[in-house]
Amino acid sequence: MVKELQFISQLSPADVIVAKKRNGFGRILNHFIVYVGNETFIGNLQNGVKIIYQKELSELLIDYEPVKIRYFVGTEYQRKNAIKRAYSRINEKYNLLTFNCEHFANWVQKGKDSSIQVTITLTILLFGLTYKLISTGNKKK
């Protein structure tokens, strides 16, 4: 836990903690939580976008290991706007494909909600399906 607390001390508002599940299949995915200042975070968890205070963050860190900080890049004015964006989506519903924790973190930091993980996963699935359809079609000839 000391390591995680040192991690937090390196944060500035609008920075993002990137974490991985400590065990299991979820270890391959990145999870994102936005730091908004004053030991307060905002995350898009399965129950939607919500404020995460220090106590709940400590509970999350039992299952998730911070692996890096994605620092905010921009001016102080842009940083303040990023924090406003974070608060503007409180209570918005989580959606794995269209608005997950990565979408939210990118929305806050860049003003665009996107998820590289979803794009890569869908691309792999599409290629796999296409390959299966092509290979099945070739066997019928």
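Values in this text are rule-based calculations from the coordinates and carry no lab data. Note that the structure is predicted; figures quoted are calculated from it, not measured. Because the Cβ atoms are built from the backbone with ideal geometry, glycine has one as well, and the counts that use them run over all protein chains shown.
Key figures for this structure:
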{"quantity": "Hits among aspartates and glutamates - C-alpha to C-alpha of Lys20 under 17 Å, sequence gap 8 or more where chains match", "calculated": "Glu4, Glu56, Glu59, Asp63, Glu65, Glu102"}
{"quantity": "Long-range HN-HN contacts of Ala14 with modeled amide H, under 5 Å", "calculated": "Tyr35, Val36, Gly37"}
{"quantity": "Peptides ranked, highest mean first, by Cβ atoms within 10 Å: ranges 13-20, 60-67", "calculated": "13-20, 60-67"}
{"quantity": "Nearest-0.05 FRET efficiency for Lys55 and Thr136, computed from C-beta distance (R0 41 Å)", "calculated": "0.15"}
{"quantity": "At q = 0.11, 0.13, 0.22 Å⁻¹, base-10 log of I(q)/I(0) for region 2-113 (Debye sum, equal scatterers on each alpha carbon)", "calculated": "-0.30, -0.43, -1.29"}
